[in-house]
Structure formats: C-alpha cells, structure tokens
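First up is the structure itself, then whatever we jot down about it.
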Amino acid sequence: MAPVGHVPLLLLPVVLFFALALTLLLALRRSSSPWVLRLAALVVALWALLATTALVTLLSIGRSPGLFSVVSTSSQVLAPVHWQLWLGGAIGAFALLVLAFLLNQAVGRGFLELYAAGPYPWPRMLPRPAGRITVRVMRSPRPDAFSFTLLEFGTLRRPFVRNDVILLSEGLLATLEEEEVVSVLAHELGHIRDLDSRYLTFFRTFSRMMRWDPVLAYLADAITRHEEYRADWEAVQMTRRPRLLAQALYRVLAAGGEGASTSASALLGGSGRRGRRETLRRIDRLLELADSPEYREDRRG
C-alpha cells in the first residue's frame, strides 16, 4: 500500500485526465475543429486504458470493480507496487484497440462482399474531393447510408493506402429523390472530410466491445452526436440547401415507421428511441437553417 502522503500525488494524473475529458466535452459543443475530435478520440482511448487497468488491478487485489472500490482503495490501485498489473491492463487495453480496428476493417470489407456493392456515379453537383473515395450501392431494402475507411496494401514506399468508402443502400435510392440522395452523399462526405469515417466507426465498435463500461459508451455517444451535427453542417455548406437533407432524414425516419430508427441507424446517427429523438433534433436544426436569411433560397425545394 502506498503511504498516505503519496496518495494526492498518485491521484494527480487521474484528476488531470478527468479535467481534460470535461474540457473536451464542453469544447465539442462549441468547436468544429478536427483537432477537437482527435483529442476527444485520444481521451476515449486513455479512458479505455484507465478503466481496463483499474479493473484488472482491483480484481487482482480482491476488490469489486465498482466506483466506490476505486475511490476507497485508490492508494492501493495507484501504488507503484502494482506496476505489473497496470502493465498487464495496458497490454489488454491495447489488444482490445487492435482487435476493434481489425474487426472494423473486417466489417467494412464484409459489407462490400456480402451485399455485392456495385459502383455509383459521383454526382456532378458535388465537388470531387482529393484522395481515394468510392461510392457504392449495396443490395439492401433498408434505407441507409454510411462511410468508413479501409486500409489497403500499397507499394514499398507507401505500404498502406487509405480508401474512403461511402455506401448507399438500394432502399435509400428507392426512398429518396435524386437531389435528396445528393444531400445524403454530401453528409457522408462531411464525415470523411472531418475524419469521422476513421474515428467514429472505430470507436463505435470499440465501445460495443466494452459494454461493461458505461462511461466509454457515454463518451462515444457524445462524440457521435456532435459529429452528426457537424456532418449536417458540412452538407449544407456544399449543397446550400438544408431543407433537402431535412427531407431526406425525415423520409428515412418515416420509411420504416417505428422501426426506422433501428434499420437506418448509420444515417440517423443512432438506434432506438434516443436515435429517433436525435434525428428529430437534427431535422429541426436544418429547418431553422433553411428559414435563416443565408439559406432562404432553399424554400424553392
């Protein structure tokens, strides 16, 4: 057990971490900088490390892995004598991160193969971004769209090449008008521009793997909610017609009745009642933009 006088010093990194996490959560509400997302992703990874190693340490010293146990035995958990347990927990957290990354890549490739995704032409109304971006259509009756990043083997000079993929479903194309499909593509392109396709899909997978940690799930949901808002904003900047994206979200939400929020969880940014509520908030925000002086021309839609 660490001496009592050393406990405040040992708790200092934990206090600083929580202060950083709180600051970033507040910054996510106000900032649209990609660096805020990157720092938030780093906080999620550090929290996973802290939670995993604390769990391993508490179980090893015979205590239950509850919050009260962490507080009441902080001098034991953070004691230098337990460095081997913390190292083991860190290796375990890193292994989970690697497994989540590999699983995320496997799921993306599986979607392309399982749903026999074919090519989709890039719309002329949207600017063609730099880099490798592929738009494909999957054979699925559910109206949905999502984007992800695949790593592919390249050359000796550049061993890994990033390929960003936007995947639309046949159900989405059947549900929406052509201009509404363009607004959805602009939304997914916003995710790619803001690196969401690299971070969000990964951390969604990671949070599902660590279901025992409610804090990690909350952080992942907060980041997801913020990035859906920002991707909506990016789409509006590209199309200048916020009402189109609002119409697309409403059509997708209504296409499956009460089950739509589950069947289109990627485009709607979540599933269940909470995902449905968040989608309605996004629609309200887009309609407010459509009624603003800057986007009044959207009323022609």
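Data table
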item	result
³J(HN,Hα), Karplus 6.51/-1.76/1.60, whole Hz, each residue of segment 127-137, x for Gly, Pro	x, 7, x, 6, x, 8, 10, 10, 10, 10, 10
Sites matching trypsin sites (Lys or Arg not before Pro) across segment 127-170 that sit in DSSP coil, with at most 14 neighbouring C-beta atoms within 10 Å	R132, R139, R157
5 angstrom amide H check on R142, placed H, neighbours 5+ away	G171
Sequence of R276, R124 once ranked by neighbouring C-beta atoms within 10 Å, starting from the fewest	R124, R276
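Each value in this text was obtained by applying a stated rule to the coordinates, not by laboratory testing. The structure displayed is predicted, hence computed values, not measured ones. Neighbour counts are summed over all protein chains in view; Cβ atoms, including those assigned to glycine, are modelled from backbone coordinates with ideal geometry.
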